[in-house]
Structure formats: structure tokens, C-alpha cells
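A short write-up of the structure that comes next.
The values are calculated or read from the model by the stated rules, or taken from the named source; none is laboratory data. What you see is a predicted model, and the numbers here were worked out from it, not measured in a lab. All Cβ positions, glycine included, derive from the backbone under ideal geometry; neighbour counts span all protein chains shown.
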């Protein structure tokens, strides 16, 4: 029933998109419809085709079986677009990225401590196929078509999630969300959370934080400002209704980072102007919001203690794995299998004998560790983890540089969305594993891959939305030029 309803919903969306563009249906519009449908399809956690199911439990974040996701089939259409529309005139792939991925795949598959190579192949196949999809995707569409398509797809997503969040938990219509995912998991009766089409409150909160950042990026770059503000507000309400505190804090951190790194990008990070105009006012507003209307999420002390204890127990499991194999780890998508095989080495009583709260050991050995950074360091070891963490730091550190290099508003939206993804990983990733699930990962990886596309960054913006927008960007360019001149003069010897 759930997959049938998903296909009906996608079919209805496709008819709506074609009807909306019936009077101006061109090749560019068809491309935008394609992007919209793909983006909309990413929000359905049950939209996959199982090929084979692996034997045994527990499984990692990517599961034990191989499944076909929507982008596998979309890649065939992209091949047709590249062949017919581009006559195979596509840019040469980045060979450095190819060799890096090949090295990681060989590194984790040849790891002598990897006891779940079949599960590792599942994750390697997913990441490789998604990289191919993104390569074809970037070669098929302009950055303007990408933003227009993503905008429509995510607008449909936030509307659907908002309606489902009102149905449950506000109206208590739990059966409605189970129509999209028959195995949807809700919270306890004391603190229920919206699940939407994602099957779990934490997964929906993570996904909603990504498209919340996207609509915030559209708003501050003056792209469809009024509807973007409405969609961002709806997305924030969805996050609140999931009752996911980590997703809420991640969204707040993303907005704070956008204010510091983009809105006040002409100033230094810790300059007086940046602190007084950006950090302090926004911090006061966030504090009032969390201590006022949203304080109910943090008022249940018993629930907070229980969640904290369960995560500390999980972190202890991760520490035991890291202590066994600190350099090379235990293999991608294999930490849970390794933990189950070596459960006797995990002695909770000696570490948590003074705590009043307790989580069943079965939960610890059948659920991935609730911290994506511990998962990465356990599965890849220090050798594989440190380059990834270094990339995260580099991405944030070079955000201003990428923004200044581009005069394209559409690319800046992608760049800001990528910054939001990084902030969510850094904040929410410390208390949840939802960012590593295939359903959620597809949207975040798309933003990151497209924001690092140097050809998109080099595209010129075709037109300004208004005369005021042109004047505003001209003032910013002149101010940035003055700042650069002052900095160059300040470093000259007397």
C-alpha cells in the first residue's frame, strides 16, 4: 500500500508539473520538471526496489541488502539527455576524485578486520552509483535549471510534510503517515514526533533541516523571497513537530553560520561588526525562542536523561571498537556487525553502574551508534577518518572564498545550502546516525557535490531580479573591493 500511494503521489505531481508548464513547455522546462520529480522522490523512504536481502542481523546504516533507489533509474534518462542533447560533449571527470574513491574502496574492502564485506559492498555501490549520477546530472543541466527544479521539488516536499505533520502528531491521525510507510516508527506517548514520509522523527527532522536551509538561502539571496519565507517557516514548523532536539539545534546553528559567513561575509569572522550586527542579535533571538515557545522540547528532564544515557552507552561501544582497531577501523557499513560479534568485550556494568537509567543491551547491539563521527572513525580508522574531517574543515574555511569567486545567485544558493548541510552534520551528527541513511544522504550529497562544481561557480548570472537587486550586488562588490584594497595596504611594509 505504501509504495503504491507513493507512485500515485509522484504521478499526480508529474501531471501537475506538466499542466503548470503546458503553455511554455520547452527543453529547459522539461529539464526542470525532471529535476523537480527527482528531488521530490528523495523524500520517500520506501521508494526503493530491493534486489536481494542480506542474511542476519544486525545491519549497518546502509543495511545488508542491495536496493535500487530512484537515482539509478534517473541515470538512464540522464544518459539519454547527454547522448541526444549534448552529443556526448561532456566535461572530463575529475580523476583525482576517482582515484580517491577507488583508494577508499580498496582500503575498506581489503581491511583484514572487516568481517562484513558484503555490507561494505552495499555502501560502496551506493556511493559510486550516486557519484556517477551527480556527474551526469551536472553535465546535463545549467545551474539556473538546477535551482528552479530543486525549488519546485522541495516546495512540494515541504507542503506534503507539513500536511502530514499536522495530521500526526497534531491531530493524532497516525494511520495517515503509515500509508506512506507501513513500518513508520513514532515516539513514545509522552513525546510523539512527526514522521512524514521518512518513517522516523529523527530522519524527518534531519531531512527537514536541509530543505529549511535551502529556503533560507533562497530568501537571503532574494530568489522568490516571499514564497521562500513561507516555505522556510513551514519547514521550521515541521522540524519542531518532529520533536527532534538535535535537528532543531542543527537548524539554528545553520542559520547562525549563514549570518556570519554569508550575510556579513565582508567582515572578518570575529570582527566587532560581525559580532554586534549578527551573532549577538541572532543569539538573543534564539535564546528567547528556545526558552519560550520551544522550551517544551527541553522541559522533560527524565527524557533528556534517558536519551543522554543511551547515547553515552553507544559512545562507549564506539570507544571499544576504536580501541581494538584505531588505525584502519573495521570496514564501511560494518561497525554494527563487528559490535555484535564482539559484544562480550563491552561491559556496561563497569562503566554505567552508578547511573539510575539504563537502556537494554539489545538496543545497543541492533542500532547503529548515534554519532556519525564515531561511526566514521570506527569504520575507517584514523587513516580514513582524518581526510574526511579535514575536508569538512576545508569546506567551511573556503566558503567565503567560493562565494566571492562567484557572481551567480543560483550558485550561491547551492553554496549556502552546502554550508547548512555541514553545520547539520557537525551538530546533529554528534547525537544521531540519521544523516548517514541513504534516504537522507541523497539530498545532502547533492548539495555538496553541486556546490563544489567549479563550472557552476563560473557561470554568469543571466539577469538580476530587480533594479534594487542589481544595485545591492554592485554595492557589495564595491565594498568587498575596498576591503581587499585595505587589507593589501595593511600588509605593505612601512
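Per-residue answers, yes or no, for (1) closer than 30 Å to residue 59 by Cβ; (2) at pLDDT below 65; (3) under 25 Å from the mean Cα position of the chain (by Cα); (4) assigned to a loop (DSSP other than H, G, I, E, B):
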| site | (1), (2), (3), (4) |
| --- | --- |
| 284 | no, no, no, no |
| 296 | no, yes, no, no |
| 303 | yes, yes, no, no |
| 309 | yes, no, no, no |
| 313 | yes, no, no, no |
| 331 | yes, no, yes, yes |
| 355 | yes, yes, no, yes |
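Restricting segment 1-59 to residues that are in a loop (DSSP other than H, G, I, E, B) and modelled with pLDDT of 90 or more, which is nearest to residue 182 (Cα to Cα)?
44
Only one residue in 236, 231 is touching a helix residue (DSSP H, G or I) at 6+ places or on another chain (Cβ under 8 Å), at pLDDT 95 or above and either assigned to a helix (DSSP H, G or I) or surrounded by fewer than 22 Cβ atoms within 10 Å (Cβ to Cβ) (or both), so which one is that?
Only one candidate qualifies: 231.
Quick check: is even one residue across segment 56-71 surrounded by 13 or more Cβ atoms within 10 Å (Cβ to Cβ), over 30 Å from residue 340 (Cα atoms) and out of contact with any strand residue (DSSP E or B) (no Cβ under 7 Å at 6 or more places or on another chain)?
Yes: segment 56-71 contains one or more residues that are surrounded by 13 or more Cβ atoms within 10 Å (Cβ to Cβ), over 30 Å from residue 340 (Cα atoms) and out of contact with any strand residue (DSSP E or B) (no Cβ under 7 Å at 6 or more places or on another chain).
Condition check ((1) modelled with pLDDT under 90; (2) closer than 30 Å to residue 332 by Cβ; (3) buried (at least 20 other Cβ atoms within 10 Å of the Cβ)) across all residues:
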| residue | (1), (2), (3) |
| --- | --- |
| 149 | no, no, yes |
| 155 | no, no, yes |
| 159 | no, no, no |
| 164 | no, no, yes |
| 169 | yes, no, yes |
| 173 | yes, no, no |
| 181 | yes, yes, yes |
| 188 | yes, no, no |
| 216 | no, no, yes |
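Taking helices (runs of 4 or more DSSP H) that fall entirely within segment 117-211, which contain at least 2 residues that are out of contact with any helix residue (DSSP H, G or I) (no Cβ under 9 Å at 6 or more places or on another chain)?
117-140
Would you check if there is a residue in segment 399-416 being crowded, with 19+ Cβ neighbours inside 10 Å, closer than 30 Å to residue 106 by Cβ and modelled with pLDDT of 90 or more?
No.
Here is a check on your reading of the model: is residue 235 under 17 Å from the mean Cα position of the chain (by Cα) and farther than 18 Å from residue 46 by Cβ?
Judged against the criteria, residue 235 is a match.
If residue 43 meets every condition in (1) within 22 Å of residue 448 (Cβ to Cβ); (2) exposed (fewer than 13 other Cβ atoms within 10 Å of the Cβ); (3) touching a residue at least 24 places away in the same chain (Cβ under 8 Å) apart from one, which number is that one?
The one condition residue 43 does not meet is (2).
Residue check: is residue 426 assigned to a helix (DSSP H, G or I) and either modelled with pLDDT of 55 or more or in contact with a helix residue (DSSP H, G or I) (Cβ under 8 Å, 6 or more places away or on another chain) (or both)?
yes
Report whether or not residue 246 is assigned to a helix (DSSP H, G or I), touching a helix residue (DSSP H, G or I) at 6+ places or on another chain (Cβ under 7 Å) and at pLDDT 90 or above.
For residue 246, the condition - assigned to a helix (DSSP H, G or I), touching a helix residue (DSSP H, G or I) at 6+ places or on another chain (Cβ under 7 Å) and at pLDDT 90 or above - is not met.
(1) under 16 Å from the mean Cα position of the chain (by Cα); (2) surrounded by 22 or more Cβ atoms within 10 Å (Cβ to Cβ): which one isn't true of residue 396, the others all being true?
(2)
For segment 60-81, which positions are in a helix (DSSP H, G or I), in contact with a helix residue (DSSP H, G or I) (Cβ under 6 Å, 6 or more places away or on another chain) and farther than 20 Å from residue 443 by Cβ?
81
For a quick check of your reading of the model, give me the residue pairs whose first member lies in segment 87-110 and is within 13 Å of residue 384 (Cα to Cα), whose second is part of a loop (DSSP other than H, G, I, E, B), with beta-carbon atoms closer than 6 Å and at least 6 apart or on different chains.
Close Cβ pairs satisfying both conditions: 108/331; 108/332.
Could you tell me whether segment 371-378 includes any residue that is within 30 Å of residue 215 (Cα to Cα), in contact with a helix residue (DSSP H, G or I) (Cβ under 9 Å, 6 or more places away or on another chain), outside any helix (DSSP H, G or I) and at pLDDT 90 or above?
Among the residues of segment 371-378, at least one is within 30 Å of residue 215 (Cα to Cα), in contact with a helix residue (DSSP H, G or I) (Cβ under 9 Å, 6 or more places away or on another chain), outside any helix (DSSP H, G or I) and at pLDDT 90 or above, which makes the answer yes.
Just for segment 333-345: of the residues that are more than 26 Å from the chain's Cα centre (by Cα) and either without any contact (Cβ under 8 Å) to a residue 40 or more places away in the chain or within 22 Å of residue 105 (Cα to Cα) (or both), which one is surrounded by the fewest Cβ atoms within 10 Å (Cβ to Cβ)?
Among those residues, the one meeting the criterion is 344.
Conditions tested, residue by residue: (1) more than 24 Å from residue 436 (Cα to Cα); (2) touching a residue at least 12 places away in the same chain (Cβ under 8 Å); (3) touching a strand residue (DSSP E or B) at 6+ places or on another chain (Cβ under 7 Å).
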site: 185; (1), (2), (3): no, yes, no
site: 196; (1), (2), (3): no, yes, no
site: 227; (1), (2), (3): yes, yes, no
site: 233; (1), (2), (3): yes, no, no
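What single numbered condition from (1) in contact with a helix residue (DSSP H, G or I) (Cβ under 6 Å, 6 or more places away or on another chain); (2) in a loop (DSSP other than H, G, I, E, B) fails to hold for residue 112?
(1)
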